[in-house]
Structures are given as C-alpha cells and as structure tokens.
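Trainee: Following this message is one structure expressed as structure tokens.
The values are calculated or read from the model by the stated rules, or taken from the named source; none is laboratory data. These figures come from a predicted structure and were not determined experimentally. We place every Cβ from the backbone using ideal geometry, glycine too, and count neighbours over all the protein chains shown.
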C-alpha cells in the first residue's frame, strides 16, 4: 500500500513539475512575442510624437502596424530611415511603414523630418525621397501582355530622385510627375525634383505641359492649383522637354542642367552648380537594402571585436581620430547610373518575386 502511495506521490510531483515547466515556457514565449511586437512597433515610429506629423496628417490616427487594403500591391518599401507614413487614399487609413511593406495604388508617401525612404515598383522604377516630402501614387501600370508601363505621381513638397528604368519587356513607357508648377520624367531617365515654397512674383494659374524628349513624342499635362510653390528640375540622365502654356516656350533639360518653373512661366535652363547637385544627392540619398545589410554586418563585427589598448603611434593617432564614429555608405558622392540601379533592384528580387506573384 505504501508503495502505491509512493508511486502516486511521485507521479503527482512529476505532473506538477511538467505543469510548472510548461507554464514557464509559455510565459517566456509570450514575453518574447510581446518584446518582438514592441520592437516592430518602435521600428514603425511609435516614438514619433503627434506634433511631428505634417499638417495633412494631423487629426489622423496613424497606426504602428501595417494595414493591408483590398488591392493588389504595386511596389515595395526597400529602405526606411527615420519615420515614414503611408496613407491609403481609398480608405484614409495611415500607418508608419517598415522595410518590406507593400505599397498600393492611390497610396500617399510621407517622410517626416530627418527621414528618408526608398521605394521600388513592380515596373522596376525607383524613387528615393528626402525628408519632409510627400508623393502620391496616382497610377502605376506594368502590363506584360501589352509590353507597356505607365506611372503617374503627384509631388506636393520636398525632394525626390526618380529612376525610370528601361527594360526589354517594355515597348511603350510613359512616366510623369505632377507638381503645382510641374514636371514629368521620360523613359530611361534619372532626374531630381524639388518642390519648395515660392520665392515670390507668382501670378497666373495656367497648366504646364511636359514633353517626352524620346522618340515617343508624348506630352504630359501637368496640373497646377495653388501658387504657393515652385518646382526645380535637375537633369542627371536623359532629356526632358518642358513647354509652358503661359509663354509657349519649349526648353530642354539635359544632364547637368537645371530649370526653375513658376506660375509666371519657364525660367532659364542653366548649368547645375556642382555643389547644388551634390547637396541634392546627399539630401535624397537612401542606402539600398544590400548596403544596409553590409553596414549592419560591419557594425556588428566592430562591436564584437575586443578592444585593444593603442600604444606608440597608434595612441597618438587615436588622439586625433574619433574611432567610435560609425561609418556610412556615401552613395551620394557618385552618380547612380541605370546599371547601378538595376543591380540594386536585383538585391531585392526575392521580395519582388513575391509581389509579382500577387499581382499576376
């Protein structure tokens, strides 16, 4: 009898032990999951105070999680630095984005102060946005059957670089960027656009047409509304013809040239000041996902490397150099050609393949 009682006690004790162990594992699991979700929330910008939001987002409940609309994705957030918000145009829902999020038709992209963003679309075109910028996706089509792609963006403020990548699968390419005083891109072109507060002497409110300087001979109507902004176009690759309906003058922007457009008509095409061009590149420079990954690996290696006390000349050098300053990839110091853009596009081929499957 005592033996049976002893066995029962051992069995009961074992059950209690297993129960406690399972409970501990469960608590650890949910604790890890909560921490993981909180980490994702931090990455999406819950640290950004409401007063940091631009006026056109004030009053909206900007979520810290991805919101998927009932639509097909047309692109991918490749890189985010700082705080970037996506506003779904059809539902008026907004959220802080994270790297890898999909973008959709009618989305509006907002970069906050000291924030930048890089977006790649299913058409393989790329946009890099500087801080305090807004770009609305009006339309993006990549029709494999008809071998054509078309993109139309509305840019309300800030700086951005547009890469329109020509591919063999596209026989008909149309790309345009609208601003209040306006500009459009052409196929096979890399150009920068800055929408800023007007410097004054604005008067008329007339539409502006942008001509495709390629052999397609297409013209793009660029809508204008208020007269409180002006647009500067910087040519980095390709050619863009600009026709103002105010003065009827057509001007061509080539590589290394800039043009200021206001409500009173076209400015004068001028050589781009190298310092201004470099500053523009620096302002919109966003590392590609591959560069971010390499930088993370390098940073981890540096952090894990044991410290060695410097001696002699090394000690002297340490007095004059801050060895704790992290290194950054300065892709803005050199021009990003279409070939380089294609290479960076391939770095996220797996993600885009997933998008292509969804779109197809």
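Trainee: Here is a check on your reading of the model: is residue 155 crowded, with 22+ Cβ neighbours inside 10 Å, closer than 23 Å to residue 86 by Cα and in contact with a helix residue (DSSP H, G or I) (Cβ under 8 Å, 6 or more places away or on another chain)?
Mentor: When the stated conditions are applied, residue 155 does not pass them.
Trainee: Report yes if residue 232 is under 26 Å from the mean Cα position of the chain (by Cα), outside any strand (DSSP E or B) and either within 25 Å of residue 110 (Cβ to Cβ) or modelled with pLDDT of 85 or more (or both), otherwise no.
Mentor: Answer is no for this residue.
Trainee: Let me ask something else about it. When the range 286-301 is examined, which residues are found to be within 20 Å of residue 127 (Cβ to Cβ) and either out of contact with any helix residue (DSSP H, G or I) (no Cβ under 6 Å at 6 or more places or on another chain) or at pLDDT 95 or above (or both)?
Mentor: Within the range 286-301, 286, 287, 289, 290, 291, 292 meet the criteria.
Trainee: Taking interchain pairs and intrachain pairs at least six residues apart, which have beta carbon atoms under 6 angstrom, with the first residue in the range 127-147 and under 22 Å from residue 192 (Cβ atoms) and the second outside any strand (DSSP E or B)?
Mentor: Within 6 Å, the pairs are 128/284; 128/286; 130/283; 130/284; 131/113; 131/114; 131/115; 132/113.
Trainee: Please specify each residue of the range 169-211 satisfying the condition of being in a strand (DSSP E or B), crowded, with 23+ Cβ neighbours inside 10 Å and modelled with pLDDT under 70.
Mentor: Listed by number, the residues that qualify are 183, 208, 210.
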